[in-house]
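**Student:** Structure in structure tokens, see below.
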Amino acid sequence: MSRRLVSLFLATLMVVMLTAVTGEAAAKKQRIIYIPHDNRPISFEQTISSIKGMEFEVLTPPEELLGNRTYGGDPDGLWRWLFKTTVKSFTDKDNEVEDYIVMSSDSMIYGSLVASRKHEFSDETILRRVDNFKALRKFNPNAKIYVFSSIMRSPKVSHGGVEPNYYEEFGPAIFEITSLRDKAEIDGLNNIDIERLNKLQSEMPNAFINDWLSRRQKNFGVNVKLIEYAKENVFDYLALGRDDNAVYSQTSKENRELSKLTLNLSTEKFRSLAGVDEMGLILLTRAVNKIKQLTPRVYVQYGYGVGGATIPTYSDSEISKSINDHILAAGGKEIYLPNNIDLVLMVNTNEYGITRDASSLMNIPIDNKNIIEFVDKVSKFIGHGYKVAIADITFSNGSDNDLMAQLEKRDLLTKLTAYSGWNTADNSAGFVIGQSLLSPNLSTDKIKELLVLRLIDDWGYQANVRQQLVKEVLTPENISYVDLNGKESILEQNANKRIYKFISKHLWRFDIKTAKLSFPWKRMFEVKVDVSLNYANQSLLYKTKGW
């Protein structure tokens, strides 16, 4: 631990101790401290919104310390803020409520999730920041510390500056080389594979793939250390996520190697998850369930066909395993008969196990027989009084328009407890698991607000408005999809005009007062959604407002 941090600890302790001796401390609320892996709306605001309104005091760092698409974040600043926030008074222990700390190791070590792939930090700097976790435990011996980390992803393609600069050109080849190497280790290569691998390796500049692998080695070393800390009880829980990879990939290979180190770790201390972006919400949900001593019971049903055996795009795991892992990590339990359960999770999967993108021309309402049968089950469970949530994973990066049309036609949207279909299958499933398991702690109005936000984002924007904007605004105006470059106002005007029409047509039953879209990461992939409902008069229909 650096001298500067030691000085900060001592100074802060003196202030707290002097304050405590001036009078008897007031009773304090249970505090949950949350540090996300960046400031994306889904990672930061939308995750925090899922637990706001409960009886906890929720603390987050100043947003300027968090990374974004172009700024790497301030890991040392985050550590200073965290130590200052969590240091306790030794004279007032009896009245203290121990903190639950849910934190991203990527933010605390590299600055952000994106920075974990692009940083130039030395081994010495990285190890010094890793050591701070032990100092955090020393100064907070009874706090519950939940950490989520990532195994560096292996995308087939990447645009927009969220990987090293060379990855846009050489990333597909780097992915294929490392995928074939992984396949060779697991199943062996045929002659065609060997010929392809040799060709790719002969054409690949060594400097680029060596840089990529060396940065991964640093990330791997950090995760080894975090696993050691979990074994030493520095952490109460460690979740290790892997996003944007495949069955054969460098990410999957590293996960197998790390898993060997966790064989003696209790499942109450550690879990490896397919997915990353949802992990903050999953561990916040775990914290709430542990505080309230709850273990929600979840019954899971899949669409007809391949169902739970689906291995989605961007994943190396069957979705049934991924969903079970997320339920357990969130502090719940999967139940295999619909008896004495708290939630039914309906998972919309493609009949043949194919996960296309929501921008696909196939993403249209067609009255598919399997979708109709799926919605029949949703209606039946709701009719029998069950709470029902939907993980919509037939398409990546947006809702299944056929599913949503059937739910709308049968007036089931307003009856859902939670819904998600915004990103990869693992991200969407994990997020809806978190929000639905939190729902017993939230008001009816809050549940509806969270549901409306997802419907506007995942169905309205991701599956529909985004495609309209690309065709009708970006292409004619020659605007980049991954870097709006000062054109945000044009996009926001057009996006809001279209989302108002969408809401008026499809979501009027929710009585939405205001809804506004913006692009804080200056790219098309995600939006910030600000929404409010007319809670005071829920009978007033949205259509009457002239949207």
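**Student:** State which residue is surrounded by the fewest Cβ atoms within 10 Å (Cβ to Cβ) when the search covers only segment 182-201 and only residues that are without any contact (Cβ under 8 Å) to a residue 60 or more places away in the chain and of a type in the set (Lys, Arg).
**Tutor:** 199
**Student:** Determine whether residue 469 is modelled with pLDDT of 95 or more, under 25 Å from residue 424 (Cα atoms), outside any strand (DSSP E or B) and open to solvent by 20 Å² or more (accessible area, probe 1.4 Å).
**Tutor:** Numbers: modelled with pLDDT of 95 or more: yes; under 25 Å from residue 424 (Cα atoms): yes; outside any strand (DSSP E or B): yes; open to solvent by 20 Å² or more (accessible area, probe 1.4 Å): no.
Answer is no for this residue.
**Student:** Which condition from (1) open to solvent by 10 Å² or more (accessible area, probe 1.4 Å); (2) under 30 Å from residue 367 (Cβ atoms); (3) not β-branched (Val, Ile, Thr) is the one that residue 446 breaks?
**Tutor:** The number of the failed condition is (2).
**Student:** Follow-up question, since we're still on this one. May I ask you to list the residues in segment 337-356 that are more than 24 Å from residue 316 (Cα to Cα) and touching a residue at least 24 places away in the same chain (Cβ under 8 Å)?
**Tutor:** Step one: filter segment 337-356 for residues more than 24 Å from residue 316 (Cα to Cα), giving 337-344.
Within segment 337-356, 337, 338, 340, 341, 342, 343, 344 meet the criteria.
**Student:** Could you check segment 500-519 and list, in sequence order, the residues that are of a type outside the set (Val, Ile, Thr) and open to solvent by less than 10 Å² (accessible area, probe 1.4 Å)? Working first, answer last.
**Tutor:** As a first pass, look at segment 500-519 and keep what is of a type outside the set (Val, Ile, Thr): 500-502, 504-511, 513, 515-519.
Result: 507, 510, 511, 515, 517, 519.
**Student:** Something else about it: Looking at residue 72, is it surrounded by fewer than 18 Cβ atoms within 10 Å (Cβ to Cβ) and of a type outside the set (Phe, Trp, Tyr)?
**Tutor:** No; evaluated as a whole, the condition is false for this residue.
**Student:** Taking the condition among the hydrophobic types (A, V, I, L, M, F, W, C), in contact with a Lys or Arg (Cβ under 9 Å, 6 or more places away or on another chain) and buried (at least 21 other Cβ atoms within 10 Å of the Cβ), does residue 482 pass?
**Tutor:** no
**Student:** Collect the residues in segment 117-161 that are open to solvent by 10 Å² or more (accessible area, probe 1.4 Å), of a type in the set (A, V, I, L, M, F, W, C) and either in contact with a strand residue (DSSP E or B) (Cβ under 8 Å, 6 or more places away or on another chain) or assigned to a loop (DSSP other than H, G, I, E, B) (or both), keeping them in residue-number order.
**Tutor:** Correct list: 121, 157.
**Student:** Can you tell me which of (1) surrounded by fewer than 18 Cβ atoms within 10 Å (Cβ to Cβ); (2) at pLDDT 95 or above is the one residue 35 doesn't meet?
**Tutor:** The one condition residue 35 does not meet is (1).
**Student:** Residue under question is residue 286, and the condition is that it be out of contact with any strand residue (DSSP E or B) (no Cβ under 6 Å at 6 or more places or on another chain) and either at pLDDT 95 or above or closer than 19 Å to residue 49 by Cβ (or both); does it hold?
**Tutor:** When the stated conditions are applied, residue 286 passes them.
**Student:** Given the options 260, 290, 269, 253, name the one that is within 30 Å of residue 172 (Cα to Cα) and touching a residue at least 24 places away in the same chain (Cβ under 8 Å).
**Tutor:** 253
**Student:** Please state which of the following conditions residue 62 fails to meet, knowing it meets all the rest: (1) touching a residue at least 24 places away in the same chain (Cβ under 8 Å); (2) surrounded by fewer than 23 Cβ atoms within 10 Å (Cβ to Cβ); (3) under 30 Å from residue 447 (Cβ atoms).
**Tutor:** (1)
**Student:** If I filter segment 520-547 down to residues being of a type in the set (Val, Ile, Thr) and either at pLDDT 95 or above or in contact with a His (Cβ under 6 Å, 6 or more places away or on another chain) (or both), which single residue comes out as surrounded by the most Cβ atoms within 10 Å (Cβ to Cβ)?
**Tutor:** Applying the filter and picking the extreme gives 527.
**Student:** Also, quick follow-up: Test each condition in (1) surrounded by 20 or more Cβ atoms within 10 Å (Cβ to Cβ); (2) β-branched (Val, Ile, Thr); (3) within 17 Å of residue 83 (Cα to Cα); (4) out of contact with any Leu (no Cβ under 8 Å at 6 or more places or on another chain) for residue 42 and report the one that comes out false.
**Tutor:** (3)
**Student:** Which ones in segment 202-226 are farther than 26 Å from residue 105 by Cα and surrounded by 15 or more Cβ atoms within 10 Å (Cβ to Cβ)?
**Tutor:** Scanning segment 202-226 gives a single hit, 204.
**Student:** Could you give me the residue pairs with C-beta distances under 9 Å whose first residue belongs to segment 90-113 and is open to solvent by 10 Å² or more (accessible area, probe 1.4 Å) and polar (S, T, N, Q), whose second residue is modelled with pLDDT under 95 and part of a loop (DSSP other than H, G, I, E, B) wherever it lies, and which are 6+ apart or on separate chains?
**Tutor:** From segment 90-113, the pairs are 91/25; 95/24; 95/25; 95/26; 95/27; 95/28.
**Student:** While we're here: In segment 347-381, which residues are surrounded by fewer than 17 Cβ atoms within 10 Å (Cβ to Cβ), aliphatic (A, V, I, L, M) and not in a helix (DSSP H, G or I)?
**Tutor:** Matches in segment 347-381: 354, 361, 362, 364, 366.
**Student:** Could you check, for segment 281-292, whether at least one of its residues is assigned to a loop (DSSP other than H, G, I, E, B), in contact with a helix residue (DSSP H, G or I) (Cβ under 9 Å, 6 or more places away or on another chain) and surrounded by 16 or more Cβ atoms within 10 Å (Cβ to Cβ)?
**Tutor:** no
**Student:** Among the residues of segment 252-264, is there at least one that is open to solvent by less than 60 Å² (accessible area, probe 1.4 Å), basic (Lys, Arg) and assigned to a loop (DSSP other than H, G, I, E, B)?
**Tutor:** no
**Student:** Right, next: Which of (1) open to solvent by 10 Å² or more (accessible area, probe 1.4 Å); (2) at pLDDT below 95 does residue 49 not meet, given it meets every other one?
**Tutor:** It is condition (2) that residue 49 fails.
**Student:** Could you please find all residues in segment 302-342 being surrounded by 17 or more Cβ atoms within 10 Å (Cβ to Cβ) and either assigned to a strand (DSSP E or B) or basic (Lys, Arg) (or both)?
**Tutor:** 302, 334, 335
**Student:** Provide a single number: the residues in segment 382-412 that are aliphatic (A, V, I, L, M), touching a strand residue (DSSP E or B) at 6+ places or on another chain (Cβ under 9 Å), surrounded by fewer than 23 Cβ atoms within 10 Å (Cβ to Cβ) and in a helix (DSSP H, G or I).
**Tutor:** Adding up the residues that qualify gives 1.
**Student:** Mind listing whichever residues of segment 424-455 are outside any helix (DSSP H, G or I) and farther than 14 Å from residue 535 by Cβ?
**Tutor:** If the condition is that a residue be outside any helix (DSSP H, G or I) and farther than 14 Å from residue 535 by Cβ, then 424 is the only one that fits.
**Student:** Across segment 466-482, which residue is nearest to residue 359 (Cα to Cα) among those that are among the β-branched types (Val, Ile, Thr) and in contact with a Leu (Cβ under 8 Å, 6 or more places away or on another chain)? So that I can check it myself, show each step before the final result.
**Tutor:** Going through segment 466-482, the residues among the β-branched types (Val, Ile, Thr) turn out to be 470, 473, 475, 479, 482.
Narrowing further to those that are in contact with a Leu (Cβ under 8 Å, 6 or more places away or on another chain): 473, 479.
Details: 473: 16, 479: 18 Å.
Only one residue tops the list, namely 473.
The values are calculated or read from the model by the stated rules, or taken from the named source; none is laboratory data. Keep in mind it's a predicted model, so treat the numbers as computed, not measured. With ideal geometry, Cβ positions are generated from the backbone for all residues, glycine too; neighbour counts draw on all protein chains shown. With ligands, DNA and RNA removed, areas are computed over all heavy atoms of the protein, side chains included. Shrake-Rupley method; radii C 1.70, N 1.55, O 1.52, S 1.80 Å.
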